[in-house]
Amino acid sequence: MTDVRPHQDIATPAGDIAKPIKSELLHINMGPQHPSTHGVLRLFITTDGEMVTKVVPYLGYLHRCAEKIAEGNTYHQYIIYTDRMDYLAAMNCNWTYCLAVENTLRSLGVEVEIPEYAEYVRVIIGELNRIASHLIAFGTYGLDIGAMTPFFHALREREAILNIFEKVCGARLMYSYYDVGGVKWDIPDDAMDEIKLFIDLFPAKLDEYNELLTGNKIFVERTANVGVLDAATCIDYGCTGPVLRGSGVKHDLRKDDPYSIYDRFDFDIPVGTGTVGTVGDCWDRYHVRMLEMYESWRIIQQAVDRIPPRGEVMAKMPKNLKVPPGQGYYRAENPKGEMGFYIISDGGTVPFRCKTRSPAFHNLHIIEHVGKGQMISDLCATIGSLDLVLGEIDR
Amino acid sequence: MVKFVTDIWDTFSTVFKGMGITARYMRKKPVTQQFPEERWALPDRFRGFVHNDVPRCTSCTLCAKACPVDCIYIEMEGKGKDRRMTRFAIDYNKCIWCSLCTEPCPTNCITMSHDYDHSVYLREKLVYEFVGDPVIPFKPKKAAREEEAEA
């Protein structure tokens, strides 16, 4: 398994050639059960001492044939499988899939009028889930680097969000709350009170996180100037979401291609600026997520203020949903990046083909490029900053 | 040299800032719950184990058709007036608590209960049989007529 490189000659102070130091390439597996790979990801690494010379990700440990399953399930039944893709942001996956089906219907001439109240509910719940997903990214990134405390602080706030979701839809992780044509239930009063309480408390908690981890000198030393990705490489590899924005590209589908009712809200797109190091380093990607949590908080605040009185939550849809023959693709901004569903219909109650474009899959493959020439410990920091979810990569 | 001193100062000051937050939380009450002893109140919409109220079940198999993982087994025998439901079983190994089965039910007899802790040692024990002896399926129209006659 090892191949011996040409011997390096090292000159001694006396000037003559001393005994050469033999260095060998070593092939090791990082994962699939490595604690800092965020799931069952196997990285095949070639190392020269402490330096990494080659990284190859091996996928498929969590493959569940989700795209094939779609071909045997009706459009409503497949929603529950989208839950299991990005399990940290299941609401957003549901939402993207529902948007894809609705827009495919629209493009093929079927009217789908989503009620105003349902649109606001979708935005509030979707943004809450974005905060929950980024909280996990923030907490586990601290764990990867070696900071234990932020993880517990992050999980405490995530627990508050999950309690809201439990009141809204009855589940804590696999929600299947969004439905084609709206949402399944309204937001009950006690959950609305909790959302308002969360809005009041969250900015103070964000300041705490920043004090705990963002400004911490040890954390900055571990992440600044590490895993630098320039904008062109990110675009070449198809990276989206915080990974692309961390490299200074202002690209967010909520602003660039507004879906749902995002054009009504006032929010900014944070990008990496290289505050403590280079633009596009691990710290920038991490910091973009922290700023995005604040922007999501702003959107929720505006949506809760403007939400219309409780009304219909579902558009009038036929019980046996059939999509006319044709195809459609729709994409939306998930916490991890740009998620898309490509649906081909042959006119029946089940899709002929349903392809998923998952953001973490594309974000992962940049590790081959950025992992070269890093230390092994920096590779851990880089993987953490990409915020991977294996359920979505393997599907 | 100056950078060395400022780095050391930054490290200590930022670490102690974080420690300050931890110290502040030491005086506060813990947010964790001691689970088996303390239990939180379940919300109304909580999706626990699926329950079927057999006396009101029409054995229409709509729930079995709606299930995306095919975990509901319904077996019948006889035709017309002799129709009997011999089996209504739910395989909780497969069930994913999506509540899609509760939506098409004409009599709302299949519901999501608030039970969630039914751990067992054997997988076979998670297949719950709701029907023992064959039962006559519920007939909503007949029941309504009988109710009217009683009134």
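Every number here is computed from the coordinates shown, using simple stated rules; none is lab data. Here the structure is a predicted model, which means the values were calculated and not measured. A quick note on method: Cβ atoms are made from the backbone with ideal geometry, for glycine too, and the neighbour counts reach across all protein chains shown.
Taking each DSSP H run with n ≥ 4 as -39500 (n - 2.57) and averaging over every residue of chain B yields -8500 deg cm²/dmol at 222 nm.
The alpha carbons of region A:262-353 stretch over 55, 37, 16 Å along the principal axes, in descending order. In plain terms, the bigger the Kirkwood radius, the slower the diffusion; for region A:92-147, with that radius from Cα pairs, at 20 °C and 1.002 mPa s, Stokes-Einstein puts D at 158 µm²/s. With the simple model of a label 7 Å out from the Cα in the direction of the Cβ, B:Glu124 to A:Asp200 spans 5.6 nm. Bridging of B:Lys79 to aspartates and glutamates at a Cα separation below 20 Å is possible for B:Asp133, once same-chain residues fewer than 8 apart are set aside. P(r) tail for region A:123-186: Cα pairs beyond 15 Å make up 54% of the total. Positive contributions from Lys and Arg (+1) and negative ones from Asp and Glu (-1), summed over other residues with Cβ under 12 Å from the Cβ of A:Ala231, come out at -1.
Here's the list of lysines a cross-link from A:Lys68 could span, going by alpha-carbon distance under 22 Å and ignoring same-chain residues fewer than 8 apart: A:Lys322, A:Lys355, B:Lys65, B:Lys94. A cut-off of 5 Å between modelled amide H atoms, ignoring neighbours fewer than 5 places along the same chain, links B:Cys57 with B:Phe138.
Amide H contacts of B:Met76: B:Thr86, each under 5 Å away and 5 or more positions distant or on a separate chain (H built 1.01 Å from N in the peptide plane; Pro and chain starts excluded).
Annotation for region B:9-60: chymotrypsin sites (Phe, Trp or Tyr not before Pro) lying in DSSP loop with at most 11 further Cβ atoms inside 10 Å of their Cβ are B:Trp40.
Isolated cysteines of chain A, defined as having no other cysteine beta carbon under 4.7 Å away, are A:Cys65, A:Cys93, A:Cys98, A:Cys169, A:Cys282, A:Cys354, A:Cys380.
In this structure, the residue pairs whose Cα-Cα separation is over 31 Å, taken from A:Lys316/B:Lys139; A:Lys167/B:Lys142; A:Lys205/A:Lys250; A:Lys336/B:Lys125; A:Lys217/A:Lys372, are A:Lys167/B:Lys142; A:Lys336/B:Lys125. Packing, taken as the mean count of other beta carbons within 10 Å per residue, orders the peptides A:129-141, A:197-209 from highest to lowest as A:129-141, A:197-209. Diagonalising the gyration tensor over the Cα atoms of chain A and scaling each eigenvalue by 5 before taking the square root yields semi-axes of 42, 25, 17 Å, largest first. Just check region A:301-391 against the gyration tensor rule for me: Cα atoms, a ≥ b ≥ c as the square roots of the eigenvalues, rounded for a/c under 1.5, and otherwise prolate or oblate depending on whether a/b exceeds b/c. Because a/c hits 1.5 or more and a/b fails to exceed b/c, region A:301-391 counts as oblate. Here region A:66-362 is assigned +1 on the Cβ of each Lys and Arg and -1 on the Cβ of each Asp and Glu. Its dipole about the Cα centre then comes out at about 680 debye. For region B:108-121, 3J(HN,Hα) computed residue by residue from phi via the Karplus equation (6.51, -1.76, 1.60; θ = phi - 60°) reads 6, 8, 9, 9, 8, 8, 9, 7, 9, 9, 10, 6, 9, 8 Hz, glycine and proline entered as x. Approximating the spin labels as points 7 Å out from Cα along Cα→Cβ, the A:Ser23-to-B:Glu103 distance works out to 6.0 nm.
Solvent-free Debye calculation, one equal scatterer per alpha-carbon of region A:259-307: log10 I(q)/I(0) at 0.16, 0.21, 0.26 Å⁻¹ equals -0.53, -0.72, -0.89.
Counting, for every residue in B:87-99, the Cβ atoms of other protein chains within 10 Å of its Cβ and taking the mean gives 2.
Classify region A:55-131 from the C-alpha gyration tensor, please: rounded if a/c falls under 1.5, else prolate or oblate depending on whether a/b exceeds b/c. Judged from the Cα gyration tensor, region A:55-131 comes out oblate (a/c at least 1.5, b/c at or above a/b).
With the convex hull drawn around the C-alpha atoms of region B:50-140, the volume per residue stands at 96 Å³. Mean per-residue shielding of peptide B:60-68 is 2, counting Cβ atoms of other chains within 10 Å of each Cβ. Sorted into 10 angstrom bins from 0, the C-alpha pair distances of region A:219-291 split as 23, 46, 24, 7, 0 percent. Helical runs (DSSP H, four residues minimum) scored at -39500 (n - 2.57) apiece and divided by the length of chain A put the mean residue ellipticity at 222 nm at -13500 deg cm²/dmol. Its alpha carbons considered, region A:292-346 gives a radius of gyration followed by a Dmax of 16.8, 43 Å. Counting, for every residue in A:166-179, the Cβ atoms of other protein chains within 10 Å of its Cβ and taking the mean gives 4. Please list, in order, the residues from region A:347-371 whose amide nitrogen is less than 18 Å from a point placed 7 Å along the Cα→Cβ vector of A:Val56. Flagged as within label range: A:364-371. Computed over region A:54-213, the alpha-carbon pair-distance distribution with 5 angstrom bins reads 1, 8, 15, 17, 16, 15, 11, 8, 5, 2, 0, each value a whole percent. Annotation: peptides B:31-38, A:108-115, A:331-338, ranked by per-residue average of other Cβ atoms within 10 Å with the highest first, follow the order A:331-338, A:108-115, B:31-38.
Label sites at A:Asn210 and A:Asp268, each approximated as a point 7 angstrom past Cα along Cα to Cβ, lie 1.1 nm apart.
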